[in-house]
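J.: Got a structure for you, written out below as C-alpha cells; questions coming shortly.
The values are calculated or read from the model by the stated rules, or taken from the named source; none is laboratory data. All figures in this text were calculated on a predicted structure; none of them were measured in a lab. Cβ: placed from backbone, ideal geometry, glycine included. Neighbour counts: every protein chain shown.
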Amino acid sequence: MPSKRNTQEPTLTGGHHELDPYLPRTGNLGYRISRYALVLDYRVSSNRLAGVATITATSYQRLTRFTFDLAASLRVDRVTVNGARVRFSHRTGKLSVTPSEPIPPGGAMTVVVRYNGNPRPIRSQWGTVGWEELDDGALCANQPNGASSWFPCDDHPEAKAPFHIEITTDSPYYALANGRLVSKQRRAAMTTWVYDQVEPMSTYLASIQIGQYERRELSTGDVAVHALFPKRLASNFTVSFARQVKMVDAFTEMFGPYPFAQYTAVVTDDELDIPLEAQSFSTFGANHCDGTLDHERLIAHELAHQWFGNSVTCARWQDIWLHEGFACYSEWLWSQHSGGRSADEWARHYYEKLRQTRFTTPLADPGPAQMFDDWLYKRGAITLHALRLRIGDGEFFALLHRWTDKYRYRTATTEDFVALASTFTAAPLGDIWRDWLYTVELPPFPTLRPHA
C-alpha cells in the first residue's frame with residue numbers, strides 16, 4: 001500500500017475566475033482571495049452569530065469598488081480596507097465596498113468585516129442551503145451557494161483559499177470546523193475552538209458543526225480518523241461506522257494519499273434527508289446511524305468526496321459529475337471491496353433504472369436545475385465504469401491516482417479529465433466521451449473491449 005500521508009505543499013488555484021453561468025449572482029470579480037480568518041461568536045439558544053472576517057486578497061485589476069457575497073439576514077457594522085474605515089452598502093446578497101483610494105492592479109488588500117445577526121439558510125432552486133439551526137446546535141450545508149449565509153466571501157468553487165476559523169460557543173457544546181484543531185480554551189460558560197484549514201478550500205465546503213457530542217478516536221495512524229455523535233447513539237455508531245477506518249485505507253489504496261490531515265464523521269442528533277460533505281469531515285443524520293450497515297454506501301460516498309470534490313474541485317458547476325459520479329462509483333468500489341455486489345453488478349443495476357429515465361441534458365452540462373439529480377450521479381458512475389472496462393483496471397486506478405495528485409487542492413474541468421485519461425491508453429476513447437458525456441440519449445451498456 002502506498003504511503004497514506006500526502007506531503008505535497010498546498011497551492012492556490014488560478015489568479016482569477018469568471019462568473020459561473022449556473023450561479024451568475026454569486027462569485028465576484030476583480031480580486032483573488034488568499035486567506036480567510038473568521039472569528040465567530042455563536043449563542044445556541046438565540047441562534048445569534050457575531051463575526052469578524054479578515055479577508056486577505058490581491059487585485060488583478062484597478063478597483064474603485066468591489067463586492068463580497070453576504071446574506072441579507074446578517075447586518076454589517078463596519079468595514080475597513082488596509083486599516084482604513086471605508087464606505088459600504090449591503091443589499092440583495094452583496095456587500096459592496098468602496099476603498100478610500102482605488103486599489104491598483106496587483107495591490108494587496110486586507111479587508112475586515114464586522115457583522116452580526118441570526119443566520120438562516122438561503123433559499124435557492126435546490127432548496128435551502130447554508131447555516132441551519134438544529135434542535136440543539138447548528139450545522140452548515142453550503143452547497144452550492146450557501147456560504148454567504150454565515151460569512152462574507154467570494155462564493156465560487158474555483159476561488160479556493162486557506163481558512164483560519166475561531167468559533168466561541170456555549171461550553172456544553174462541541175464546535176467543529178474545517179482543518180486541524182490547534183487550540184481550545186474555556187472561559188466561564190464559553191469555549192473557544194480554533195481551527196486551521198491550511199489546504200485551500202472552496203467556500204461551499206467551509207463548515208461549522210455545533211452539538212452536544214461525544215468524541216471517539218477511531219484511528220491515529222497515517223490518517224487520523226475521529227467521530228462525533230450524541231451519547232445516545234454510541235452503540236449504533238459502533239455498528240454503522242464499524243468499517244470507517246478500513247474504508248479510509250481502501251480508498252487510499254484506490255485513489256492515492258488521503259489529501260488532508262484528518263477525517264471526522266459527525267452524526268447529528270437530528271435526522272437529515274441526506275449526508276453533508278465538508279472539507280475534512282462529513283455530517284450524517286441520526287437516521288443514518290441506526291445500528292445497521294444499511295447506510296454504509298452513504299458513508300463511502302461522503303468519504304470519497306474528500307478526494308473528488310474537496311481536494312480536486314470542479315472549476316465550473318457544469319462539471320459536477322466529477323464530484324458526484326466519482327463518489328457514486330466509489331460506493332460501488334467499496335461494495336465490491338467489502339464483499340458485496342461488484343461494481344459491474346451495481347452498474348448494470350442502475351443502468352436498467354436509467355433506461356426508464358428521460359434525459360433532456362447531457363452529463364457534461366446538465367444545467368443548474370438538474371445538477372444534483374440522481375441520474376447524474378448514476379450516469380457519471382457508469383461513465384467511469386465504461387472507461388475502466390476500456391483501459392483495464394491497472395491503467396484506470398493509475399489514472400485516478402494521477403488525477404488526485406495532479407489536481408490536488410486545485411480545480412479542474414471535464415476537459416482536463418478527458419485529456420489526462422488519453423495519456424493512460426493507446427485505445428480510442430472518443431466514443432466513450434461522446435456517448436456518455438456529450439450525448440443526451442443513454443448509450444448501450446458498456447462492454448469489455450480489448451485495447452491496444
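J.: Which one is modelled with the lowest pLDDT among residues in the range 90-136 that are under 22 Å from residue 203 (Cα atoms) and of a type in the set (Ser, Thr, Tyr)?
T.: My answer is 124.
J.: Shifting gears a bit: Would you mind stating whether residue 144 is outside any strand (DSSP E or B) and buried (at least 22 other Cβ atoms within 10 Å of the Cβ)?
T.: yes
J.: Would you pick out the residues in the range 289-303 that are buried (at least 23 other Cβ atoms within 10 Å of the Cβ) and either in contact with a His (Cβ under 9 Å, 6 or more places away or on another chain) or in the same structural domain as residue 377 (by TED's automatic domain parsing) (or both)?
T.: Answer for the range 289-303, where residues must be buried (at least 23 other Cβ atoms within 10 Å of the Cβ) and either in contact with a His (Cβ under 9 Å, 6 or more places away or on another chain) or in the same structural domain as residue 377 (by TED's automatic domain parsing) (or both): 289, 299.
J.: Out of the range 147-180, which residues are hydroxyl-bearing (Ser, Thr, Tyr) and surrounded by fewer than 24 Cβ atoms within 10 Å (Cβ to Cβ)?
T.: 168, 169, 171, 173, 174
J.: Just to confirm my filter: which strands (runs of 3 or more DSSP E) fall fully inside the range 188-257 and include at least 3 residues that are over 25 Å from residue 269 (Cβ atoms)?
T.: The qualifying strands (runs of 3 or more DSSP E) are 190-201.
J.: Name the single residue that is surrounded by the most Cβ atoms within 10 Å (Cβ to Cβ) among those in the range 257-274 being without any contact (Cβ under 8 Å) to a residue 60 or more places away in the chain and over 22 Å from residue 400 (Cβ atoms).
T.: Among those residues, the one meeting the criterion is 267.
J.: Then there's this: Go through the range 108-119 and count every residue that is buried (at least 19 other Cβ atoms within 10 Å of the Cβ) and not in a strand (DSSP E or B).
T.: Of the residues in that region, 1 qualify.
J.: Continuing with the same structure: Residues of the range 54-76 being surrounded by fewer than 14 Cβ atoms within 10 Å (Cβ to Cβ) and assigned to a strand (DSSP E or B), which ones?
T.: 75
J.: Are there any pairs with C-beta distances below 6 angstrom linking a residue in the range 214-232 that is at negative phi and buried (at least 19 other Cβ atoms within 10 Å of the Cβ) to a residue that is among the charged types (D, E, K, R) and modelled with pLDDT under 95, with the two at least 6 apart or on different chains, and if so which?
T.: Matching pairs, first to second residue: 223/4.
J.: Just give me the residues in the range 16-67 being within 20 Å of the chain's Cα centre (by Cα) and closer than 13 Å to residue 103 by Cβ, in sequence order.
T.: The one that is within 20 Å of the chain's Cα centre (by Cα) and closer than 13 Å to residue 103 by Cβ: 32.
J.: Something else now. Would it be correct to say that residue 264 is modelled with pLDDT of 95 or more, among the polar types (S, T, N, Q) and over 18 Å from the mean Cα position of the chain (by Cα)?
T.: Here the answer is no, as residue 264 does not meet what is asked.
J.: Answer yes or no: is there a residue in the range 347-362 that is hydrophobic (A, V, I, L, M, F, W, C), within 25 Å of residue 242 (Cβ to Cβ) and at pLDDT 95 or above.
T.: Checking the range 347-362: not a single residue is hydrophobic (A, V, I, L, M, F, W, C), within 25 Å of residue 242 (Cβ to Cβ) and at pLDDT 95 or above.
J.: Of the numbered conditions (1) of a type outside the set (Phe, Trp, Tyr); (2) in contact (Cβ under 8 Å) with a residue 60 or more places away in the chain; (3) under 23 Å from residue 76 (Cβ atoms); (4) in a strand (DSSP E or B), residue 132 fails exactly one; give the number of that condition.
T.: Answer for residue 132: the failing condition is (2).
J.: Would you pick out the residues in the range 79-97 that are over 14 Å from residue 29 (Cα atoms) and either part of a strand (DSSP E or B) or among the basic types (Lys, Arg) (or both)?
T.: Result: 79, 80, 81, 84, 85, 87, 88, 89, 90, 91.
J.: Quick one: would you say residue 260 is assigned to a helix (DSSP H, G or I) and aromatic (Phe, Trp, Tyr)?
T.: no
J.: Turning to a different aspect of this structure: Within the range 281-381, which helices (runs of 4 or more DSSP H) (wholly inside it) include 1 or more residues that are closer than 30 Å to residue 232 by Cα, in contact (Cβ under 8 Å) with a residue 40 or more places away in the chain and touching a helix residue (DSSP H, G or I) at 6+ places or on another chain (Cβ under 6 Å)?
T.: So the answer is 296-304, 321-337.
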